[in-house]
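Trainee: Mind looking over this structure? Questions follow.
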Amino acid sequence: MEVSSSRPLFVTIYATVLVGVIFSSFYVFSALYSPDSTSAFQCYVYVDPMTYLKKEKKRGILEIPDFSPLDRKPNSSHLAAEGAFLAPSPQPQRKWLKPVWEVPPTGSKMPPLKAFRLTKELVQRRVKDNTIIVTFGNYAFMDFILSWVKHLTDLGLENLLVGAMDTKLLEALYWKGVPVFDMGSHMSTIDVGWGSPTFHKMGREKVILIDAILPFGYELLMCDTDMVWLKNPLPYLARFPEADVLTSTDQVVPTVIDDRLDIWQQVGAAYNIGIFHWRPTDSAKKLAKEWKDMLLADDKIWDQNGFNELVHRQLGPSFDEDSGLVYAYDGNLKLGLLPASIFCSGHTYFVQAMYHQLRLEPYAVHTTFQYAGTEGKRHRLREAMVFYDPPEYYDSPGGFLTFKPSIPKSLLLDGAHNIESHFSLVNYQIKQIRTALAIATLLKRTLVMPPLWCRLDRLWFPHPGVLPGSMTRQPFICPLDHVFEVNVMLKALPKEEFGPGISMREYSFFDNPLMPSQVKESWLDVQLCQEGSQNCNVSNSTSRLEVLKFPKRSTEDKTREEKFKNRVKRYVGIWCCVENHTPGHIYYDMYWDEKPSWKPLPPQTSEDDHPP
């Protein structure tokens, strides 16, 4: 009787619970998939998916699906099936960020310098998911910094800060709406040059900065300005919650062929501090402080060498079997080495294209392993179409000149890849580029350089042609700075001695999405003709004619020609380096074809060791 009478009550309770579960499920899925629920989706951007699903399972809302390897895309972030995301200690942070690029109101005044002092409150205003992304520099690197910021905001990342080493940069960034703080460095606003005393001072500022920010309790992704982000790295970094420090390296030989951390036992190259991630753990803070004290005590120590010395004080054993982390430094610091295939150096990205060969998506590229200084770095990023230039860069007043090189197959593919075949290939291209430079200067147009093919790699030490174990293909399209002195080509030389300057652009210029369509569609075909024949002249006519005829072997002005030679012979650099010979470099010669006895040989005496 009692059981029978209570049945309706149990049915009612069961129905109520079922309706509640269905309603909750509907709410969760509608929040995730509704087109109007952007904020709901964003709040889960950096949460480990498996942890989220497990929490929802405990609440009785979701079932955990089977994430089989077949469901993963190449280079996708793995889901940690055996553990929850270990979130750092919660820190107070704003629920919203002021948008980057939001400029100050018209008519407003520049705040006082003390308003830009680095404090926890200033950093807190930019933190999201307990993480801050930081770079720093002086005014000479303004365009690099703007490009760095633009890549991050294009990826939807605005939890960033830029440290200004001079007030000129600080003011410029403030008026552009870029979050900036004052580093109090009072540095020069010019390019200081790699390896200079001021360059080393910048390195010390980086270490001081890391040591200052970590006690605030936020995760720090620290970057040099000469790198760009190509993919949001935060989900990848979150895959290694136990790591105290994750750092990039100069490794050029792959140790893995997927997106796992590089195998620490197989990495023989230096750890590169241009890209690294710090968690505010006791071990990380201890390392930062000792690193800072080391550099301040001895100004001859390079910051990267100091870091490597400290973390190699103890290296091993592995933290566990699966993560790829290793105990380092004091035996307590857990270190991970970011894979060089997708956190790319200048070699694995521009020379090997390792990410492409392994069918992976790169997260970042750092312009290391390059030549020609800052101009060489900028040009490499432009060649890869990952540098943001202003609109006027794509519309030169005098117009552009481009040409398609003609290279015999035999020079590219026949015979062994050695010094002789390499120089035969490169010299053939140098001669065509020399002609194009001459036409460009006569027509007062900007030359778009062609892609440059090489058979051998260029380094700063002896090697057999390519680095053993690397993925460098032969032949390959090499960066322009492998052969040409990009910094000299862009330098303003006295017109009285070197003639008019010749502007140039990178080979990928017309493929860049930033190129205006009206420039792309405005073409004039230049044809070489016999001097004295009909319509054969050297004018830069912009008439509606689609063909411009230009005389072969024009000798209209011997003085101008000598100045041109004096200029362009400085445009080529060296190849380096042959084995078992000192010095081991070989000079390229812009006018190699005018010297019948020319051969690709290193200087035989110290007196011979100079550009031709």
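The values are calculated or read from the model by the stated rules, or taken from the named source; none is laboratory data. Not measured: the values here are computed from a predicted model. Glycine gets a Cβ as well: all are built from the backbone with ideal geometry, and neighbour counts include every protein chain shown. Calculation scope for accessible area: heavy atoms of the full protein, side chains included, ligands and nucleic acids excluded. Shrake-Rupley method; radii C 1.70, N 1.55, O 1.52, S 1.80 Å.
Trainee: Going by average Cβ density within 10 Å per residue, which order do the peptides 514-521, 178-185 take, highest to lowest? Intermediate values should be presented prior to the final figure.
Mentor: Working: 514-521: 11.1, 178-185: 21.2.
Top to bottom by mean Cβ count within 10 Å: 178-185, 514-521.
Trainee: Further question: For a quick protection proxy, order the peptides 602-612, 450-460, 370-380 by their average other-Cβ count within 10 Å, most packed first. Please list the in-between numbers first.
Mentor: Numbers: 602-612: 11.3, 450-460: 20.0, 370-380: 22.3.
For the peptides 602-612, 450-460, 370-380, the packing ranking is 370-380, 450-460, 602-612.
Trainee: Stretch Lys431-Trp101 to full length: gain in nm at 0.36 nm per residue minus the Cα-Cα span? Numbers along the way, then the final one.
Mentor: Details: separation 330, 0.36 × 330 = 118.80 nm, distance 4.55 nm.
In short, 114.2 nm is gained.
Trainee: Leaving ligands, DNA and RNA out of it, work out the accessible area of Arg260 with a 1.4 Å probe and give it in Å² to the nearest 10.
Mentor: Near enough 120 Å² of accessible area.
Trainee: A follow-up question, please. Taking K and R as +1 and D and E as -1, what net charge do the other residues with C-beta under 12 Å from the C-beta of Met590 add up to?
Mentor: On the way: positive: Lys431, Arg434, Lys565, Arg567, Lys569, Arg570, Lys595; negative: Glu485, Asp589, Asp593, Glu594.
Neighbour charge sum, excluding Met590 itself: +3.
Trainee: Follow-up question, since we're still on this one. Given the stretch 272-341, report the % of alpha carbon pairs whose separation exceeds 17 Å.
Mentor: Details: 1075 of 2415 pairs.
The calculated P(r) of the stretch 272-341 puts 45 percent of pairs beyond 17 Å.
Trainee: Additional query: At Glu579 and Lys552, where each label point lies 7 Å from the Cα along Cα→Cβ, what is the point-to-point distance in nanometres?
Mentor: Reported label-point gap for Glu579 and Lys552 is 4.4 nm.
Trainee: Rank Met110, Met142 by accessible area, highest first, at a 1.4 Å probe radius?
Mentor: Details: Met110 60, Met142 25 Å².
From most accessible down to least: Met110, Met142.
Trainee: With a bin width of 10 angstrom, please list the P(r) values of the stretch 238-322 as percents of all Cα-Cα pairs, from the 0 bin to the one holding the largest distance.
Mentor: 14, 48, 31, 7, 0
Trainee: OK, next. With a bin width of 10 angstrom, please list the P(r) values of the stretch 109-178 as percents of all Cα-Cα pairs, from the 0 bin to the one holding the largest distance.
Mentor: The percentages, shortest bin first, are 19, 54, 27, 1.
Trainee: Oh, and also: What nm value, rounded to one decimal, do you get for the distance between Leu296 and Leu601 when each label is placed 7 Å out toward the C-beta?
Mentor: With each label point 7 Å from Cα toward Cβ, the separation is 5.6 nm.
Trainee: Can you pick out the pairs among Lys377/Lys491; Lys206/Lys300; Lys409/Lys565; Lys565/Lys599; Lys431/Lys569; Lys404/Lys595 whose Cα atoms lie more than 18 Å from each other? Walk me through the intermediate numbers first.
Mentor: Details: Lys377/Lys491 15 Å; Lys206/Lys300 16 Å; Lys409/Lys565 29 Å; Lys565/Lys599 20 Å; Lys431/Lys569 11 Å; Lys404/Lys595 26 Å.
Violating the 18 Å limit, Cα to Cα: Lys409/Lys565; Lys565/Lys599; Lys404/Lys595.
Trainee: May I ask you to list the aspartates and glutamates whose Cα is less than 19 Å away from that of Lys289, ignoring any residue fewer than eight positions away on the same chain?
Mentor: Lys289 reaches Glu205, Asp211, Glu219, Asp244, Asp298, Asp299, Asp303, Glu309, Asp330.
Trainee: Related question: Based on the Cβ-Cβ distance from Ala212 to Leu490, what FRET efficiency comes out when R0 is 41 Å, to the nearest 0.05?
Mentor: Details: r = 36 Å, r/R0 = 0.89.
Calculated value: 0.70.
Trainee: How much length is gained if the chain between Ser533 and Glu594 is pulled fully straight, taking 0.36 nm per residue apart and subtracting their Cα-Cα distance, in nm to one decimal?
Mentor: Working: separation 61, 0.36 × 61 = 21.96 nm, distance 2.75 nm.
Stretched out fully, the Ser533 to Glu594 stretch lengthens by 19.2 nm.
Trainee: For the ranges 383-395, 264-276, what's the packing order if you count other beta-carbon atoms within 10 Å of each residue, average per peptide, and put the highest first?
Mentor: Working: 383-395: 15.5, 264-276: 18.5.
For the peptides 383-395, 264-276, the packing ranking is 264-276, 383-395.
Trainee: What Rg and what Dmax come out for the stretch 263-406 when only alpha-carbon atoms are used, in angstroms?
Mentor: 19.8, 62
Trainee: Which of Gly399, Gly465, Leu425 sits closest to the plus end of the dipole of the stretch 368-473, meaning its Cα is farthest towards the positive end, when Lys and Arg get +1 and Asp and Glu get -1 on the C-beta?
Mentor: Leu425
Trainee: Further question on the same structure: What is the ratio of the Cα radius of gyration of the stretch 363-423 to 2.2 N^0.38 Å, where N is its residue count, to two decimals? Present the calculation step by step, with values, prior to reporting the outcome.
Mentor: Working: Rg = 16.9 Å, N = 61, 2.2 N^0.38 = 10.5 Å.
Relative to the 2.2 N^0.38 Å estimate, the stretch 363-423 comes out at 1.61.
Trainee: Please compute the modelled spin-label separation between Ala416 and Lys289, points set 7 Å along Cα→Cβ, answer in nm with one decimal.
Mentor: Going from the Lys289 label point to the Ala416 one covers 5.9 nm.
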